[in-house]
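The structure under discussion appears below in the form of structure tokens.
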Amino acid sequence: MPIRVTVWGENYHEQKNEHIRKIYPNGLHGAIAEGIKSHLGEEAEVRTATQDQDHHGLTDDILEQTDVMTWWGHVQHHLVDDAIVAKVYQRVLSGMGLIVLHSGHWSKIFVKLMGTTCALRWRDDDSETVFTVNPGHPIAHNVPPVFHIPEQEMYGEYFDIPQPDELVFLSSFKGGEVFRSGCCFTRGQGRIFFFSPGHETYPVYHQDEVKQIIANAVKWSYNPPKPRYATSTCVHSPLGWMSGSEQS
Ligand code: ZN
């Protein structure tokens, strides 16, 4: 069964700004979705949802049918309905994967899941060098040890997040800043990956290394729905304390 992916986008800049629309004629969400499809093919079933749609495109049915969600937002975070955020939060706790991209660091859902301010330092008009600091990690599969993003906004430390479970990428910038650009977390049964490259005025989501990383993160964060245990399941214990009506 393919991984059911919902690529969520704010869909604001690309509607308002001609320059950004030229870079992302199908929206940032469209480019992110295409990147996942190009790397995962039939392994993934990819749909998009945007903030301007009813329920931000995230109805109960869509949420229920989503195994992994990606999230890109920037200037409209405050307009995302708290009730929808609460539902996405519950889906993560019950096992939905979540990939938070770039300025999504300040989305309501990411801040709620992290429990910190998620603030960082930033400066426009830079370039980024991404180092793979955990080459054996599944999200680093087929990613070079180091790669360059010619045009990118600088995100710098201190980034106010809890210590990640795993750090996969670390970036540096022209000003000498460093940034934890690829971080893994677990909340409940859900796996969360934050990946910082992806400023809207630059073609970052058309770059192949970036597409590969997001596709890898989709696979890593996928938590296949588990079958419910039947009441007749036989549980063996050396102490025998599980004996009783549930034992077969
Ligand atoms: Zn940005």
For the chain, would you read off the P(r) tail past 33 Å as a percentage of all alpha carbon pairs?
20 percent
How large is the helix-only mean residue ellipticity at 222 nm for the chain, computed as the sum of -39500 (n - 2.57) over DSSP H runs with n ≥ 4, divided by its residue count, in deg cm²/dmol to the nearest 500?
-7000 deg cm²/dmol
What is the magnitude of the charge dipole of the stretch 3-246 about its Cα centre, with +1 placed on the Cβ of each Lys and Arg, -1 on the Cβ of each Asp and Glu, and no other charges, expressed in debye to the nearest 20?
520 debye
Between Lys22 and Gln189, what is the label-to-label distance in nm when each label sits 7 Å out along the Cα-to-Cβ direction?
4.8 nm
Run down the aspartates and glutamates and flag those whose C-alpha is under 14 Å from the C-alpha of Lys108, throwing out any fewer than 8 positions away in its chain.
Glu10, Asp81, Asp82
Dipole check, the chain, charges on Cβ (K,R +1; D,E -1), about Cα centroid: among Pro144, Gly97, Met154 the Cα furthest to the positive pole belongs to Gly97
What is the sum of charges around Pro135, taking Lys and Arg as +1, Asp and Glu as -1, for the other residues whose C-beta is under 14 Å from the C-beta of Pro135?
-2
Given pairs Lys87/Lys219; Lys37/Lys87; Lys87/Lys174 and cut-off 28 Å on Cα-Cα distance, the over-length ones are Lys87/Lys174
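Throughout, read-outs are computed from the coordinates displayed, never taken from laboratory work. This one's a predicted model, so the numbers in the text were calculated from it and none came from an experiment. When we count neighbours, we look across all protein chains shown, and the Cβ atoms used for this are built from the backbone with ideal geometry, even at glycine.
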